[in-house]
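The values are calculated or read from the model by the stated rules, or taken from the named source; none is laboratory data. Note that the structure is predicted; figures quoted are calculated from it, not measured. A quick note on method: Cβ atoms are made from the backbone with ideal geometry, for glycine too, and the neighbour counts reach across all protein chains shown.
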Amino acid sequence: MWELIRANKRNSIVLMGIMAAVLLGLGFVIGLAFFGPDAAFFGLIIASAVWILLTLISFTSGDQILLASSKAKPVSHDVHPQLFNVVEEMSIAAGLPMPKVYIIIDPAPNAFATGRKPESASIAVTAGLLGRLNRDELQGVIAHEMSHILHRDILFVTLAGIMLGSIVLLSQIFLRGMFYSSMSGSRRRYSSGKGGGGQMQLAMLVVAIAAAILAPIMAHFLYFAISRRREYLADAGAARLTRYPEGLASALEKISNDRSPRLGSANKVTAPMYIVNPLKKAKSVKLSDLSSTHPPISERIKILRNMSGGASIANYSEAYSKTTGNRTIVPKAALSKEDVAIREAGAKAEAKEAKQMHQIGDIMRMVNGFVFLTCVCGLTLKVPPNYKHDKVKCPRCKKILDIKGV
Amino acid sequence: MIPLIVIGVLLVLVVLFVIGIYNTLIRLRNQVDNSWSQIDVQLKRRHDLIPNLVETAKGYMQHERGTFEAITEARSKAMGARTVSESSQAEGNLQEALSKFMLVVENYPDLKANQNFLSIQEELTSTENKIAFARQGYNDQVLFFNNKIQMFPSNIIAGMFNFGKRDFFEIENAAEREVPKVSFS
């Protein structure tokens, strides 16, 4: 597990280095084309400035922006004891401090983790997820998110995302700049260089345009490679933490079979953070294309179910090779021999679908501050937070109930 | 003059290196101790939950006095345990008594529908899980710590400052080695 974290860090730094080289190279080429060979470093400065600016923004308020834009609300133990307990269990298993717990008011089942350091991490799950999964499945999902925190994935995905954003932004600015300057037909001011520079300039321009088109594509592929790989590793980590791969497998199956509308608050930027891609409809997930932030869900389920010998990282890697036919996804250093037995199922029977929808509604009301009162006649009253009076009459037995006392 | 400066710089680097490894070892040892205390925290929590559980269930299960007595007795024995082996024996018994109790509960649908009981049940399930995960987490930390003090170069510093290997948590009782199956939800 520890070797995995370290190898992960190393690989991420290499990938980040390549991305940084792409960014700076792009800046340099654009500088050459725009300002001529004497002032090419201008491009470098602009590229670095864009990158530093975006990094600063996301470092100072990145997770707050993400949590706010996904409509997540912080919850206490009382709102959903089971969720809270499961998060605590997984933080104990991972040896991490307890993260903050959020519930997203949305019926689509999904979850994500955020926070650059384990000490300031948060885990958010949707009400739809809580209503549908049993205890073991919820544990699997939370363990997956906890593994992201443990592997320091959030930091690297964030950094890689910023790098990608900078590259896209830079090439957009350049291409648009080119477009407008050629539209207006004005003579390019940088062509007033030394004699003989004209042809060179033209060549540079072509190179710059090609770079501006190709760089974002390349960066996308790198970004997706980082993101997909980390999803697999988080699955492996989840199986190891819970000692129960079937929990996560069956949770993923339920999520992929779900027919509720897609998560309203997710967008292209936040999508890689979620446990399953919130933007894709379940049926189209079969495509294993290079431009996806998440591995195909059916494959992730198969790998988890193929883990026969045990729940260690090495067992996952074996199952991965068996399922996909590829070589291992796990860094070599992390494939230490470890004897980790799979435990038995804990949770059993689950509610019917209608009851599940009912539960989801209740969870959302709890998060929104409704007061739940149980009358002596057995009826449960759900009082909205904007109800002004102290007492409420039970509609069935007409008894007057005190709200403030609860 | 120049050789002196080179030697000086090298010395400073070595000292910094040693300090760095020493601090890492201290941090790891604290983590090991912390995860050990986490096990105790959870065991204590289990003891605290039991009176509540018995109180809630008593009204519904008048004919199960024997079961309650077994739990209460196992609890007080576990709380009074002094040595580690005594404690692990007593905690094992307590766990067994609780599992039996939860099997009996299946015959009392009224109790199973009680909101208060359900929430205690969730807390108890979670506490059992936390005990198991705390043991698992402790062993992970110990493995990492032991590797660190055996591997080069940290083994030199560990030897200099007497960092000893830590023991893994092992369950002596073969029956208990099976991961506790507490399925009362």
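Evaluate segment A:115-129: report whether one residue or more is touching a Ser or Thr at 6+ places or on another chain (Cβ under 9 Å), in a helix (DSSP H, G or I), within 12 Å of chain B (Cβ to nearest Cβ) and crowded, with 22+ Cβ neighbours inside 10 Å. No: segment A:115-129 contains no residue that is touching a Ser or Thr at 6+ places or on another chain (Cβ under 9 Å), in a helix (DSSP H, G or I), within 12 Å of chain B (Cβ to nearest Cβ) and crowded, with 22+ Cβ neighbours inside 10 Å.
Examine segment A:60-71 for a residue that is more than 30 Å from residue B:126 (Cβ to Cβ) and surrounded by 14 or more Cβ atoms within 10 Å (Cβ to Cβ), and state whether such a residue exists. Yes: segment A:60-71 contains one or more residues that are more than 30 Å from residue B:126 (Cβ to Cβ) and surrounded by 14 or more Cβ atoms within 10 Å (Cβ to Cβ). Assess whether residue B:81 counts as being at pLDDT below 85 and closer than 25 Å to residue B:170 by Cβ. So residue B:81 passes the test. Pairs meeting the criteria (first residue in segment A:72-89 and without any contact (Cβ under 8 Å) to a residue 60 or more places away in the chain and in a helix (DSSP H, G or I), second residue surrounded by 15 or more Cβ atoms within 10 Å (Cβ to Cβ) and of a type in the set (Ser, Thr, Tyr), beta carbons under 6 Å, at least 6 apart or on different chains) are A:85/B:126. Screening segment B:34-48 for residues that are over 10 Å from the mean Cα position of the chain (by Cα) and closer than 18 Å to residue B:122 by Cβ and picking the one that is surrounded by the most Cβ atoms within 10 Å (Cβ to Cβ) gives B:46.
A single entry from A:4, A:83, A:96, A:67 fulfils the requirement of being within 13 Å of another protein chain (Cβ to nearest Cβ), at pLDDT below 80 and farther than 20 Å from residue A:166 by Cβ: A:4.
Considering (1) out of contact with any Lys or Arg (no Cβ under 6 Å at 6 or more places or on another chain); (2) of a type outside the set (Ser, Thr, Tyr); (3) in a loop (DSSP other than H, G, I, E, B); (4) at pLDDT below 80, the lone condition that residue A:377 does not fulfil carries the number (1). If I filter segment B:28-42 for residues that are away from every other protein chain (no Cβ under 14 Å) and at pLDDT 90 or above, do I get at least one hit? No, every residue in segment B:28-42 fails to be away from every other protein chain (no Cβ under 14 Å) and at pLDDT 90 or above. Being more than 14 Å from chain B (Cβ to nearest Cβ), within 29 Å of residue B:140 (Cβ to Cβ), in contact (Cβ under 8 Å) with a residue 60 or more places away in the chain and among the β-branched types (Val, Ile, Thr) is not true of residue A:22. Could you say whether any residue in segment A:360-372 is free of Cβ contacts under 8 Å to residues at least 60 places away in the same chain and more than 20 Å from residue A:81 (Cβ to Cβ)? For segment A:360-372, residues free of Cβ contacts under 8 Å to residues at least 60 places away in the same chain and more than 20 Å from residue A:81 (Cβ to Cβ): absent.
Scanning segment A:160-206 for residues that are at pLDDT 80 or above and loosely packed, with under 14 Cβ neighbours inside 10 Å yields A:172, A:176, A:206.
The residues in segment A:46-57 that are surrounded by 18 or more Cβ atoms within 10 Å (Cβ to Cβ) and either of a type in the set (Ser, Thr, Tyr) or within 14 Å of chain B (Cβ to nearest Cβ) (or both) can be counted, and the count is 0.
So that you can scan it fast, the table gives a plain yes or no per residue for (1) in contact with a Pro (Cβ under 8 Å, 6 or more places away or on another chain); (2) away from chain A (no Cβ under 12 Å); (3) under 30 Å from residue B:69 (Cα atoms):
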{"site": "B:94", "(1), (2), (3)": "no, yes, yes"}
{"site": "B:101", "(1), (2), (3)": "no, yes, yes"}
{"site": "B:124", "(1), (2), (3)": "no, no, yes"}
{"site": "B:136", "(1), (2), (3)": "no, no, no"}
{"site": "B:141", "(1), (2), (3)": "no, no, no"}
{"site": "B:147", "(1), (2), (3)": "no, no, no"}
{"site": "B:159", "(1), (2), (3)": "no, yes, no"}
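Select from segment B:167-185 the residues that are at pLDDT 80 or above and within 14 Å of chain A (Cβ to nearest Cβ) and list them in ascending order.
Listed by number, the list holds a single entry, B:168.
Condition check ((1) within 14 Å of another protein chain (Cβ to nearest Cβ); (2) modelled with pLDDT under 85; (3) closer than 30 Å to residue B:154 by Cα) across all residues:
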site	(1), (2), (3)
B:23	no, no, yes
B:48	no, no, no
B:59	no, yes, no
B:62	no, yes, no
B:87	no, yes, no
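Do you know which residues across segment B:54-109 are among the β-branched types (Val, Ile, Thr) and either crowded, with 18+ Cβ neighbours inside 10 Å or over 18 Å from residue B:40 (Cα atoms) (or both)?
Of everything in segment B:54-109, those that are among the β-branched types (Val, Ile, Thr) and either crowded, with 18+ Cβ neighbours inside 10 Å or over 18 Å from residue B:40 (Cα atoms) (or both) turn out to be B:54, B:56, B:67, B:71, B:72, B:104, B:105.
Scan segment A:116-123 and tell me whether some residue there is within 22 Å of residue A:70 (Cα to Cα) and among the acidic types (Asp, Glu). Yes, because at least one residue in segment A:116-123 is within 22 Å of residue A:70 (Cα to Cα) and among the acidic types (Asp, Glu). Sub-8 Å Cβ pairs linking a first residue in segment B:126-149 that is under 10 Å from residue B:168 (Cβ atoms) to a second residue that is acidic (Asp, Glu), at least 6 apart or interchain, are B:142/B:167, ordered by first then second residue. Total residues in segment A:82-110 satisfying the condition of being touching a His at 6+ places or on another chain (Cβ under 8 Å) and surrounded by 24 or more Cβ atoms within 10 Å (Cβ to Cβ): the figure is 1.
So is residue B:120 touching a helix residue (DSSP H, G or I) at 6+ places or on another chain (Cβ under 7 Å), without any contact (Cβ under 8 Å) to a residue 40 or more places away in the chain and surrounded by 14 or more Cβ atoms within 10 Å (Cβ to Cβ) or not? So residue B:120 fails the test.
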